[in-house]
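A short write-up of the structure that comes next.
The values are calculated or read from the model by the stated rules, or taken from the named source; none is laboratory data. In this text, all values refer to a predicted model and were calculated from it rather than measured experimentally. Every residue, glycine as well, gets a Cβ built from its backbone with ideal geometry; the counts of neighbours run over all protein chains shown.
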């Protein structure tokens, strides 16, 4: 059966290619990608402490060596704009067809793999289909655009070096969340918040819950981490048990109040910082700045929706 | 004491220290405050890092993006948008917002995303449309349009995905409530994601409409 481990093997191979292709130009970046390749290939055999040391290595390389990422790497292997324009005129809409192969394969694969279990791990259908889509797009791209297989890897490495250490930020923050959970940080925060609620006011309790979800999500970078804390501290004892709110409405919209917090925090790196690096924005908080105008009004709407809908 | 790690995270991000170092420092301080020995903290961090590897799989799409960009994908996006006379950045991003919300609502969250669709397609098309609307774009305008493309992807994903029954957050809510003796079906939860999804569309759509009006001047 094809599982996520096949995808890890492919990802390891691609990170290894980034490392090899960049070894001479940017040895520190190359060492960083090589460590990620090791993690993808052998992470399950390294043991917990081994993986921990690998994380330390990535942090050292990332914080010392890759600091200039995003500015220095613009030039190398980039194709001149005039040549790109000429190629664009030549290839036309083929380029879009190839670009759409990945989402189309992910879409079709998710549906087909779930319908035909046994061959492919259904729980991971989308990620496996995504990897398959990458392979198909690469094959079609190389044939149709008449280039060798090194060109996409070389160009991929250039983009990867632009993203730099931000590439592992989401994974690092997920790991930090696990340490917070081990240390019981959530219980302490929940205790503080439940003491801070004004007594006897339903609207006050709703605001405390939704705002608490958004704020704690901003700190943790993840609404999933905030939800159990806030719901156990305020949602269940106060909104559901004392004020008899509908649990489905309180929790479903409470979670979405947390999502408003996700839009506002650099801790949600994969949504907010990584795209800024990927799009080569000068302001690494530029995406968050654009999201404030939607997230804040939407948080207020969520507070009102809980208040109006959940309480008979 | 347990909150020391949170204080480090907040202070570290505000003072703009290197995020990787801030995260590591916060993990170590949090672990020490909770009475773990240093090796156990490193091991816990390593275990979690290994389990979260799927988060970093997405970088395998970069060779495809790089190949297409080297062959003129962004230039071609500009050519395409020139053919559609009514296309504006606001209308295009509103269209993408709907698609993203609908796809997420039927569980297809990884079909689009920043590396898969925003960098190769959405951002260049949005930039090309804005270029045509405003004539000449300043660097600040360009930054804003690209950031808005990424923001639109996030908003479409976040406020569509909870309508799907089997998404992680819905299952998390169900699991937590069950521990407190409240039994709910996923469908009962996911229908209540719809009002917020509509509100998100209206608020963000309104902002995109205003973006168009601002560019016209």
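Name the one entry in B:135, B:86, B:113 that is buried (at least 19 other Cβ atoms within 10 Å of the Cβ) and more than 8 Å from chain A (Cβ to nearest Cβ).
Details: B:135 fails: buried (at least 19 other Cβ atoms within 10 Å of the Cβ); B:86 fails: buried (at least 19 other Cβ atoms within 10 Å of the Cβ).
After ruling out the rest, the residue left standing is B:113.
Only one residue in B:130, B:140, B:150 is surrounded by fewer than 16 Cβ atoms within 10 Å (Cβ to Cβ) and in a helix (DSSP H, G or I). Which one?
On the way: B:130 fails: surrounded by fewer than 16 Cβ atoms within 10 Å (Cβ to Cβ); B:150 fails: surrounded by fewer than 16 Cβ atoms within 10 Å (Cβ to Cβ).
After applying the criteria, what remains is B:140.
Among the listed residues B:62, B:80, which satisfies the condition of being within 30 Å of residue A:104 (Cα to Cα), out of contact with any strand residue (DSSP E or B) (no Cβ under 9 Å at 6 or more places or on another chain) and either modelled with pLDDT under 90 or more than 7 Å from chain A (Cβ to nearest Cβ) (or both)? Don't jump to the end; show me each part of the working.
Working: B:62 fails: either modelled with pLDDT under 90 or more than 7 Å from chain A (Cβ to nearest Cβ) (or both).
Going through B:62, B:80 in turn, just one is within 30 Å of residue A:104 (Cα to Cα), out of contact with any strand residue (DSSP E or B) (no Cβ under 9 Å at 6 or more places or on another chain) and either modelled with pLDDT under 90 or more than 7 Å from chain A (Cβ to nearest Cβ) (or both): B:80.
Quick one: in the stretch A:230-244, of everything that is crowded, with 24+ Cβ neighbours inside 10 Å and within 11 Å of chain B (Cβ to nearest Cβ), which residue is farthest from residue B:154 (Cα to Cα)? Working first, answer last.
Looking only at the stretch A:230-244, we keep the residues that are crowded, with 24+ Cβ neighbours inside 10 Å, and these are A:230-231, A:233-235, A:239.
Restricting the remaining residues to those that are within 11 Å of chain B (Cβ to nearest Cβ) gives A:230-231, A:235.
On the way: A:230: 23, A:231: 24, A:235: 26 Å.
The selected residue is A:235.
Table: residues versus (1) under 14 Å from residue B:121 (Cβ atoms); (2) in a helix (DSSP H, G or I); (3) not assigned by TED's automatic domain parsing to the domain that holds residue B:146.
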site	(1), (2), (3)
B:35	no, no, yes
B:39	no, yes, yes
B:42	no, yes, yes
B:47	no, yes, yes
B:65	yes, yes, no
B:68	yes, yes, no
B:74	yes, yes, no
B:77	yes, yes, no
B:80	yes, yes, no
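Would you confirm whether or not the stretch A:4-18 contains a residue that is assigned to a helix (DSSP H, G or I) and farther than 24 Å from residue A:124 by Cα?
Just the residues of the stretch A:4-18 that are assigned to a helix (DSSP H, G or I), to begin with: A:4-18.
Add one more test, that the residue is farther than 24 Å from residue A:124 by Cα, and what stays is A:17-18.
So far as the stretch A:4-18 goes, yes, one or more of its residues are assigned to a helix (DSSP H, G or I) and farther than 24 Å from residue A:124 by Cα.
So in the stretch A:109-122, with the set limited to residues that are surrounded by fewer than 20 Cβ atoms within 10 Å (Cβ to Cβ) and facing chain B (nearest Cβ under 10 Å), which one is farthest from residue B:65 (Cα to Cα)?
By that ranking, first place goes to A:114.
So which residues in the stretch B:203-217 are within 9 Å of another protein chain (Cβ to nearest Cβ) and closer than 23 Å to residue B:106 by Cα, if there are any at all?
B:203, B:204
Name the residues in the stretch A:181-198 that are facing another protein chain (nearest Cβ under 7 Å) and either modelled with pLDDT of 85 or more or surrounded by fewer than 20 Cβ atoms within 10 Å (Cβ to Cβ) (or both), would you? Walk me through it before giving the result.
Initial filter on the stretch A:181-198 (facing another protein chain (nearest Cβ under 7 Å)): A:182-185, A:188.
Correct list: A:182, A:183, A:184, A:188.
Working carefully through the options A:112, A:138, find the one that is over 24 Å from the mean Cα position of the chain (by Cα) and either touching a residue at least 12 places away in the same chain (Cβ under 8 Å) or part of a helix (DSSP H, G or I) (or both). So that I can check it myself, show each step before the final result.
Details: A:138 fails: over 24 Å from the mean Cα position of the chain (by Cα).
Unique residue meeting the criteria: A:112.
Out of all the residues in the stretch B:171-187, which are in a helix (DSSP H, G or I) and either more than 8 Å from every other protein chain (Cβ to nearest Cβ) or surrounded by fewer than 16 Cβ atoms within 10 Å (Cβ to Cβ) (or both)? I'd like the intermediate steps shown before the answer.
Let us first name the residues in the stretch B:171-187 that are in a helix (DSSP H, G or I), namely B:171-179, B:186-187.
The answer is B:171, B:174, B:175, B:178, B:179, B:186, B:187.
When the residues of the stretch B:153-170 are narrowed to those that are at pLDDT 85 or above and in a loop (DSSP other than H, G, I, E, B), which ends up surrounded by the most Cβ atoms within 10 Å (Cβ to Cβ)?
The first filter runs over the stretch B:153-170 and keeps only residues at pLDDT 85 or above, leaving B:153-163.
Then keep just the ones that are in a loop (DSSP other than H, G, I, E, B); that gives B:162-163.
Values: B:162: 26, B:163: 23.
Filtering first and then ranking leaves B:162.
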